[in-house]
Amino acid sequence: MFAKTNKKSKLTKEIKPMIKKHRLLPALALALIMCLACLTTAFAAQPSGTETDPAQAAITKLLKVPFGTAVPTAAFKFKVTPISIDGDTNAKPPVAGIGSNGDVYINFPALGTPPAYTFKETIGDTDYYFLESAELFGGVSFANAGVYKYEIEELGSDFTNVGTPPTAPYEEMSYSGAKYEVEVYVKDGINGRYIYFIGSVRTTEEDGTPGTDKVDPTPGSESEDFDYSQMIFTNTYVKANGGTDPKDPDNWTLSVSKDVLGEFASQTIYFAYNMKVFTPSLIGAAETYKAYVVEADPDPENAGKYKVVTSAANGTVSGTDLNGGYINFPSDTLTAFNLKAGQFLVFIDTPVGTSYEITETGTAGYIPSAIVTYAGAAGGNEVGSKGASLVLPHSANDFYKTTLYVGEGLNSADFINENDTTTPTGLDLNDLPFIGMILLAVGAGAAFIVIKYRKKKSYN
């Protein structure tokens, strides 16, 4: 675990005789050695520099978004404020050379064009994007050797919130309340002054409460311990792409559809479902979502549009609004509903990153199947067993084993039930009228022959 050495320290020589006398001391000695080793490691990890390779510092912007949310275009602004020189608050450190005279920007890219230096990871239902600023103090001209103290805080960004959650559509950005005190230790070198050490303390936490944690501000490319500077400012961004009109498919954030196939498939029976919808963890409080049952509008003037038909046959109608009746889906609550052929259950208010689970209850005589579309991309056709329930997601499935999400663009779970019953006689029912006519003709001909035969026999 630790590097070996051939040297025996004075401390080791002094405690060796005591170990022979006391059986409890070996454990204490080992603990002491481990503590010293940890301290050595901790000091070694500090961002000290040399005249040819001075210490560096940078700001890291951490943007947290629900899974699958596109990163918005935004420029985040930070203020580097001079505090003191060698503890003297009347002497202010220079800001020239730090960004734009103390203002530092971190620019997130446009949709779909993340730069190579953006580091992303996914934890649970949240995507984490890390983006560093340029090196902070490399362009500063320090007049003398000494300790220069600064405070760094976030001022905001040029992003404008849209709408008001939970009413879709909306986009909402929250900002960091963290503050850091940074001390820049400047030494005189052979050829000039250089930054020997940079220490950083988070004096205010993200939520505005006091903090005392020391952090390593070294940029990721310079640090052996981190992929990015630990002087982190965290923002969250959430959005919902829906609208206010369930009759318009462009407003749907998630839909569940029902279709049936087969010569003996019923167009009128209702198929039963159970569904759970989960609010993204970044939003915090669990929300309740409205879902409407719609069918294609038969009016030619409304081609491509739908009409709301939510009724008691579809489940518990929680209420009506300007759009018609709806079913409430409280987050993380199993909710039942029913659909018949040609019907859709549609949501218009689920945020990007919402997840869901859905089960179609088995119906005798029908083979269930489903295709899930996420962010406009359709997956495979998941086929269940005849008369059995189909669960999405499920570890035994071929395609949909893991969490189902609402992404940017079209999201749906499209169910098809096939009744594969065939005519027992092997006759095509569509041919029965023609067969009937043929049999009738044959029967009439036979009757005519019999009558003629009888008449002829009577004459004889």
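The values are calculated or read from the model by the stated rules, or taken from the named source; none is laboratory data. In this text, all values refer to a predicted model and were calculated from it rather than measured experimentally. FYI the Cβ positions are ideal-geometry reconstructions off the backbone, even for glycines, and counts take in every protein chain you see. Accessible surface is based on the protein model in full, side chains and every heavy atom, while ligands, DNA and RNA are left aside. Shrake-Rupley method; radii C 1.70, N 1.55, O 1.52, S 1.80 Å.
Of the residues making up segment 157-184, those that are closer than 22 Å to Gln230 by Cβ and part of a strand (DSSP E or B) are Ser157, Ser174, Lys179, Tyr180, Glu181, Val182, Glu183, Val184.
Hey, does segment 146-168 have a residue that's polar (S, T, N, Q), touching a strand residue (DSSP E or B) at 6+ places or on another chain (Cβ under 9 Å), open to solvent by 30 Å² or more (accessible area, probe 1.4 Å) and more than 27 Å from Thr350 (Cβ to Cβ)? Taking every residue of segment 146-168 in turn, none turns out to be polar (S, T, N, Q), touching a strand residue (DSSP E or B) at 6+ places or on another chain (Cβ under 9 Å), open to solvent by 30 Å² or more (accessible area, probe 1.4 Å) and more than 27 Å from Thr350 (Cβ to Cβ).
The condition (being in a strand (DSSP E or B), at pLDDT below 90, out of contact with any His (no Cβ under 6 Å at 6 or more places or on another chain) and basic (Lys, Arg)) is satisfied by just one residue among Lys187, Lys120: Lys120. Examine segment 250-266 for a residue that is open to solvent by less than 50 Å² (accessible area, probe 1.4 Å), among the aliphatic types (A, V, I, L, M) and under 27 Å from Pro82 (Cα atoms), and state whether such a residue exists. Within segment 250-266, none of the residues are open to solvent by less than 50 Å² (accessible area, probe 1.4 Å), among the aliphatic types (A, V, I, L, M) and under 27 Å from Pro82 (Cα atoms). Scanning segment 231-242 for any residue that is at pLDDT below 95 and surrounded by fewer than 21 Cβ atoms within 10 Å (Cβ to Cβ) turns up nothing.
The single residue among Ala296, Ala303, Ala286, Ala312 that is within 30 Å of the chain's Cα centre (by Cα) and of a type in the set (Gly, Ala, Ser) turns out to be Ala286. Annotation for segment 319-341: no member residue is among the small types (Gly, Ala, Ser), more than 22 Å from Asp125 (Cα to Cα), in a loop (DSSP other than H, G, I, E, B) and open to solvent by 20 Å² or more (accessible area, probe 1.4 Å). From Ala312, Ala378, grab the single residue that is surrounded by fewer than 17 Cβ atoms within 10 Å (Cβ to Cβ), over 21 Å from Tyr400 (Cα atoms) and out of contact with any Lys or Arg (no Cβ under 9 Å at 6 or more places or on another chain). None of the other options fit; the residue is Ala312. Can you spot a residue in segment 272-285 that is surrounded by 18 or more Cβ atoms within 10 Å (Cβ to Cβ) and touching a Pro at 6+ places or on another chain (Cβ under 6 Å)? Checked segment 272-285: at least one residue is surrounded by 18 or more Cβ atoms within 10 Å (Cβ to Cβ) and touching a Pro at 6+ places or on another chain (Cβ under 6 Å).
Out of curiosity, is Thr73 closer than 25 Å to Thr354 by Cβ and at pLDDT 95 or above? No, not satisfied. Residues that are closer than 18 Å to Gly262 by Cβ and part of a loop (DSSP other than H, G, I, E, B) were ranked within segment 363-375; the one that is most open to solvent (accessible area, probe 1.4 Å) is Ala364.
All conditions in (1) under 23 Å from Gly409 (Cβ atoms); (2) β-branched (Val, Ile, Thr); (3) surrounded by 15 or more Cβ atoms within 10 Å (Cβ to Cβ) hold for Ile98, with the sole exception of (1).
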